[in-house]
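Read the structure below first, then the notes.
Rule-based calculations on the coordinates, nothing more; no lab input. Everything quoted here is computed from the prediction, not taken from an experiment. Ideal geometry is used to build each Cβ from the backbone, glycine not excepted, and the neighbour counts take in all protein chains shown.
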Amino acid sequence: MRISALLALLLTVPALNAGFFSTDASSEPQIKCVYSGTDGHCVEPILKSQNELVITVVGQGVAPSVTASPAQAYALAKRAAVADGYRQIAEKVRGVRVEGQDTIKNMMLVQSSTRTSVEALVKGANVTNTTFKEGLCEVEMEIALSYSRFLQ
């Protein structure tokens with residue numbers, strides 16, 4: 001399912017790097033049409049030159065059952081939670097590729113599989129809060145997207 005607003009956001013970031021904006025000496029960069037909707041009309045990007053878009057996620061990580069010390073359990077759970085947070089940010093900014101395959105035999109579903117993947121480079125995400133309780137670590141992370149970051 002395609003959601004036009006989500007696609008506009010997802011296509012805005014690569015479009016900035018690809019040079020789809022024109023520069024004028026007297027004003028800020030102006031974005032041309034980044035994505036044409038299914039009806040052929042231009043969809044305005046969500047990220048505009050005067051805005052800053054802040055994405056906040058909560059990553060979760062579980063400590064392994066066998067660790068040498070509580071400190072090691074905390075460190076491993078926190079690392080897993082931060083990795084989960086980065087994955088969530090990448091999914092929100094770049095989107096998720098979903099591939100599915102069904103095998104049908106004699107008009108009955110025999111096997112169904114789904115694969116998801118995301119490919120992105122996330123820079124500048126900050127951990128704003130960390131909690132660790134009963135082996136579960138949760139980290140709140142945020143990243144601010146703005147034109148000034150992409151024009152550097």
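More than 20 Å apart: what percent of Cα pairs in segment 69-136 qualify? Summing the P(r) of segment 69-136 above 20 Å gives 54 percent of all pairs.
Applied to segment 118-131, the Karplus parametrisation 6.51 cos²θ - 1.76 cosθ + 1.60 on θ = phi - 60° returns per-residue 3J(HN,Hα) values of 9, 10, 7, 10, 10, 10, x, 7, 10, 7, 9, 7, 9, 10 Hz, with x for Gly and Pro.
What FRET efficiency would be calculated for the residue pair K123, T67, taking the C-beta separation as r and a Förster radius of 30 Å, to the nearest 0.05? Walk me through the numbers on the way to the answer.
On the way: r = 31 Å, r/R0 = 1.02.
Here the calculated transfer efficiency is 0.45.
Taking a sphere under 14 Å around the Cβ of P70 and counting the other residues whose Cβ falls inside, with K and R at +1 and D and E at -1, yields a net charge of +1.
I need the calculated FRET efficiency for the pair E99 and T56, taking r as the beta carbon distance and R₀ as 25 Å, to the nearest 0.05. Could the numbers behind the result be given before it?
Numbers: r = 28 Å, r/R0 = 1.14.
Once the sixth-power term is evaluated, E becomes 0.30.
Electrostatic tally near V118: other residues with Cβ closer than 14 Å to its Cβ, Lys and Arg +1, Asp and Glu -1, net +1.
Filter the GluC sites (Glu not before Pro) in segment 83-127 down to the DSSP loop ones having no more than 13 other Cβ atoms within 10 Å, then list what survives.
Working: sites: E91, E99, E119; in loops: E119.
In loop regions of segment 83-127 (DSSP not H, G, I, E or B), the sparsely surrounded GluC sites (Glu not before Pro) are E119.
Of the trypsin sites (Lys or Arg not before Pro) found in segment 81-146, the ones in coil according to DSSP and having at most 12 other Cβ atoms within 10 Å of their Cβ are K123.
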